[in-house]
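Asker: Just passing along the structure, written as structure tokens.
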Amino acid sequence: MNFKNFKKICVSYSGGLDTSVAVKWLSDKGIKVYAYYADIDHNSNIKKIKNNALKCGAYKFRSFDLKNKMIREALKVIKYNAFNIYSGKEKYYNTTPISRIIITKRFVKEMKKDGIKIWSDGSTYKGNDIERFFIYSIKINKNIRIYKPWLDKNFIRDVGGGRKEMLKFLLKNKINFSNNKKNYSIDSNILGNTYEGNDIEDLNINFSKKYFEYNKKIISIKKNNISFKNGEPISYNNKRIKNYVSFFKYMNFAAGGYGIGISDQIEDRILGTKSRGIYESPVMELLSILYERLVSCIHTEGSINLYRENSYKLGILLYKGKWLSLEAKMIKSMLNIFSKKINGKIEFSLENNKVNINKTSSKKSIYNNKNVSMEKIKNENFNYKDRIGHLNIVKLSIK
């Protein structure tokens, strides 16, 4: 889409370098730029972000607090175990893909109120977000028009390419953009942090724990418990969770201080190229581990296998921006039945890089001490005679 064909546009503004350059460039073309900001972080300085947007020429700045929406969607993702990138014991918890659903839903709705028909964002042509935003925006509003600066040769020619060139572009326009002086990028939200680009793209560079935001201090967390109802956490240390934003903030720092939720992954981007991302999602890892503990107590091997097969497929759909597809809806419908049985309480403690489960309590648990103990038990459910009969059946199938 050519920028000459419109006079008004919504830019999904992050406050970062990419979107600041896009706002400046578009506003210089005489276009009214509405900078929409999604407040999904735990420490956003909205006043500063607004000033940056207006300094870059935004016609109007609007901010939307989407942290609660993010958490509600994340809890569904944990219930469905919708994760598809694993490396050893480490897992990527799809924190960025979750945010793209929430942002697009709200922004497309607000665009109608402002009479805007064209939507834009700062995602580059090599990344995943350009496709996620594209798919969700059309899914939500089939008549929406989309402009991508990084697919416009005029924008690329004027801006010049990488971070150094973009900074020069802003300085040339008398905008002194505050650089974080880190040779990598950080994408933060209430669920965790994503570290990508530049130094991180070098597989020979070790990304030390000192860089991680949540790993800076240790909050004493010896014996704690979380209760689940219908697959979702409802109480912490026997007190009902009333404010999930506060709960997620606290647990990120509490678990993050012990190095929980750090994941270094080489993954296939949607485009098919390999990339390296380092992720920090303490609260997501903690809740997933506790949820899986209850899963293993409550469900049989058959239903757990079905759950794992389909949750992996769902994780791929989420990663690729297809969380709202018919296929995803079908899988979620099935996994909802599975998750409703997840009710119980887990007592846990934390040590370096590990969640220790101390006590497991569940009303619907099918775990039975009598069935596994070799101690002498009265009226045991299963004895040596039963085993002889079972082995005879196995022998028949072998023969």
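Since every read-out is calculated from the coordinates, none of them should be taken as a lab result. Keep in mind it's a predicted model, so treat the numbers as computed, not measured. Quick reminder, even Gly has a Cβ in these numbers, built from the backbone with ideal geometry, and neighbours come from all protein chains shown.
Asker: Please give the helix 163-172 orientation as an angle from the longest Cα principal axis of the chain, in degrees from 0 to 90, rounded to the nearest 10.
Answerer: Approximately 30 degrees, to the nearest ten.
Asker: Antiparallel as a % of all DSSP beta bridges within region 1-118, to the nearest 5?
Answerer: Beta bridges within region 1-118, antiparallel portion: roughly 20 percent.
Asker: Follow-up. Of the listed peptides 62-69, 322-329, what is their order by residue-averaged count of other C-beta atoms within 10 Å, with the highest listed first?
Answerer: Top to bottom by mean Cβ count within 10 Å: 62-69, 322-329.
Asker: What per residue convex hull volume, in Å³, do the alpha-carbon atoms of the chain yield?
Answerer: Dividing the Cα hull volume of the chain by its residue count gives 182 Å³.
Asker: Starting with the fewest neighbours, write out R132, R276 ranked by other beta-carbon atoms found within 10 Å of each beta-carbon.
Answerer: Exposure proxy ranking, most exposed first: R276, R132.
Asker: Regarding region 13-122, what are the three Cα extents along the principal axes, ordered largest first, in Å?
Answerer: Principal-axis extents of region 13-122 (Cα, largest first): 50, 28, 23 Å.
Asker: Round to the nearest 10 and give me the degree value, 0 to 90, for the angle of helix 17-28's Cα axis relative to the longest principal axis of the chain.
Answerer: Taking the Cα atoms of the chain, the angle to 17-28 is about 30 degrees.
Asker: How big, on average over all directions, is the shadow cast by the Cα convex hull of region 186-361, in nm²?
Answerer: Convex hull of Cα atoms, orientation-averaged projection: 11.3 nm².
Asker: Moving on to the next point. Express the relative contact order of region 258-399 as a whole percentage, based on alpha carbon pairs under 8 Å and six or more residues apart in sequence.
Answerer: 23 percent
Asker: Could you list, bin by bin from short to long, the percent of Cα-Cα pairs of region 334-399 in 5 Å steps?
Answerer: Bins of 5 Å from zero give 3, 11, 12, 12, 14, 14, 14, 12, 5, 2, 0 percent of pairs.
Asker: Sticking with this structure for a sec: How far is the Cα center of region 76-97 from the Cα center of region 180-254, in Å?
Answerer: Centre-to-centre distance over Cα atoms comes out at 14 Å.
Asker: Please work out the FRET efficiency for the pair S373 and K216, using the Cβ-Cβ distance as r and a Förster radius of 45 Å; give the result to the nearest 0.05.
Answerer: According to the calculation, E is roughly 0.50.
Asker: Still on this structure: Along each principal axis of its Cα atoms, how long is region 101-143 end to end? Whole angstroms, biggest number first, please.
Answerer: Between the extreme Cα coordinates on each principal axis of region 101-143 lie 32, 18, 16 Å.
Asker: Then there's this: Expressed as an acute angle from 0 to 90° and rounded to the nearest 10, what is the orientation of the C-alpha long axis of helix 129-140 relative to the principal long axis of the chain?
Answerer: For 129-140 against the chain, the angle is about 80 degrees.
Asker: Show me the ranking of peptides 367-376, 15-24 by mean Cβ neighbours inside 10 Å, starting with the highest.
Answerer: Top of the packing list down: 15-24, 367-376.
Asker: So, one more: Count charges around F61 for me, please; just the other residues with Cβ under 13 Å from its Cβ, Lys/Arg as +1, Asp/Glu as -1.
Answerer: Value of the local net charge: +4.
Asker: Would you kindly state how much longer the chain becomes between K89 and N198 on full extension, computed as 0.36 nm times their sequence separation minus their alpha carbon distance, in nm to one decimal?
Answerer: In short, 36.7 nm is gained.
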